[in-house]
Structure formats: structure tokens, C-alpha cells
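The values are calculated or read from the model by the stated rules, or taken from the named source; none is laboratory data. These numbers come from a predicted model, not from an experiment. Cβ atoms come from the backbone with ideal geometry, glycine included; neighbour counts cover every protein chain shown.
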């Protein structure tokens, strides 16, 4: 009977070069933005022409101060029904969401997906060092999934 003894083996380094799928790889960077003084009429017009459903609101210094969405515009439309006016002159600042939750560009898409589920909103502005650098939506995350490799699922 022959016994085989190979001795102590040196462990080979594990290949942890897993594909990192980050928010910055799939976020939209050429954003349509709004100003707090823009009217809801203007926002509705831009939403319609650009085929978007929301966007960040920036002040004069370019700081993120809110988000405006179709849902916010609906509030003004309902108000217009009661006042019998087809115009929506209210400023964005009155209807926008002011407590904005953001994401960082280096957040993984898996963590971003969890954040979407937790907060139940359709888009997050992406901020780095206090500056708006993009926006990510649930659709962006869904579009990224076919690009994932089996080794990414950790």
C-alpha cells in the first residue's frame, strides 16, 4: 500500500476581483434640473417634452434643495380644479420634497436596490462631497441586472 504525502501547501490567494457594480456606473449624469422659483406650469411642460417624471431642484449656488415629481405636480392640478384655473403658477419651492434622501456614487447597486425598497421612492439624487453628480432610478438598476456576472452575486 502506497501512502501519498504532499506536505504543507501554500494557500493560493483567492481571486476577489469580483465585478463591482456601483451606482456611478448606471446613474444618469446629464440631468434636467429645476429652480425653486420655477412654476409648476414650467415643470409640467418640461416633464412632458423630456418624457421624465421628476428631477432635482437646485438653488442659485447649485446646491440640491429638493426634488420635484409628477406626484407633486398632481397636487397643483387638483388645486387648479377647485379654483377653476388651467394654469399652475405655484413655485416649485411650495410643492417639492425638501427632505431629500441621497445616495453616494460608490454605493453598490445591491445596496441601492435595498434603499429603494426601504424608502419606496422612484429616484435618488447622487451626491458626492455635497455636490449633485447624478441621479439613479429603479429603472437604472433593473437595466443593470443583465450585465451582472455570476461572480458578482455575493
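Could you tell me whether region 81-93 includes any residue that is buried (at least 18 other Cβ atoms within 10 Å of the Cβ) and at pLDDT 95 or above?
The answer is yes, given that some residue of region 81-93 is buried (at least 18 other Cβ atoms within 10 Å of the Cβ) and at pLDDT 95 or above.
For region 23-42, which positions are outside any loop (DSSP other than H, G, I, E, B) and in contact with a strand residue (DSSP E or B) (Cβ under 6 Å, 6 or more places away or on another chain)? Step through it out loud before you land on a result.
Step one: of region 23-42, the residues outside any loop (DSSP other than H, G, I, E, B) are 23-26, 28, 34, 39-42.
Result: 23, 28, 34.
Can you confirm whether residue 112 is assigned to a helix (DSSP H, G or I) and at pLDDT 90 or above? Show your work before the answer.
Numbers: assigned to a helix (DSSP H, G or I): yes; at pLDDT 90 or above: yes.
Yes.
Does residue 56 meet the test of being in contact with a strand residue (DSSP E or B) (Cβ under 8 Å, 6 or more places away or on another chain) and more than 17 Å from residue 26 (Cα to Cα)? Don't jump to the end; show me each part of the working.
Working: in contact with a strand residue (DSSP E or B) (Cβ under 8 Å, 6 or more places away or on another chain): yes; more than 17 Å from residue 26 (Cα to Cα): yes.
Taking the combined requirement at face value, the residue satisfies it.
Table: residues versus (1) under 30 Å from residue 106 (Cβ atoms); (2) at pLDDT 95 or above; (3) over 17 Å from the mean Cα position of the chain (by Cα).
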| position | (1), (2), (3) |
| --- | --- |
| 9 | no, no, yes |
| 20 | yes, no, yes |
| 23 | yes, yes, no |
| 40 | no, no, yes |
| 67 | yes, yes, no |
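Could you list, in sequence order, all residues of region 114-129 that are in contact with a helix residue (DSSP H, G or I) (Cβ under 8 Å, 6 or more places away or on another chain) and surrounded by fewer than 16 Cβ atoms within 10 Å (Cβ to Cβ)? Walk me through how you get there before you give the answer.
The initial filter retains those residues of region 114-129 that are in contact with a helix residue (DSSP H, G or I) (Cβ under 8 Å, 6 or more places away or on another chain), namely 116, 122-124, 126.
Selection gives 122 alone.
Find all pairs meeting these conditions: Cβ atoms under 8 angstrom apart; at least six residues apart or on different chains; first residue within region 69-92 and farther than 22 Å from residue 135 by Cα; second residue modelled with pLDDT of 90 or more and not in a helix (DSSP H, G or I).
Within 8 Å, the pairs are 88/39; 89/39; 90/39; 91/36; 91/37; 91/38; 91/39.
With respect to residue 76, is the statement that it is touching a helix residue (DSSP H, G or I) at 6+ places or on another chain (Cβ under 7 Å) and surrounded by fewer than 18 Cβ atoms within 10 Å (Cβ to Cβ) true? Talk me through it step by step, then tell me what you get.
Details: touching a helix residue (DSSP H, G or I) at 6+ places or on another chain (Cβ under 7 Å): yes; surrounded by fewer than 18 Cβ atoms within 10 Å (Cβ to Cβ): no.
Against the criterion (touching a helix residue (DSSP H, G or I) at 6+ places or on another chain (Cβ under 7 Å) and surrounded by fewer than 18 Cβ atoms within 10 Å (Cβ to Cβ)), residue 76 does not qualify.
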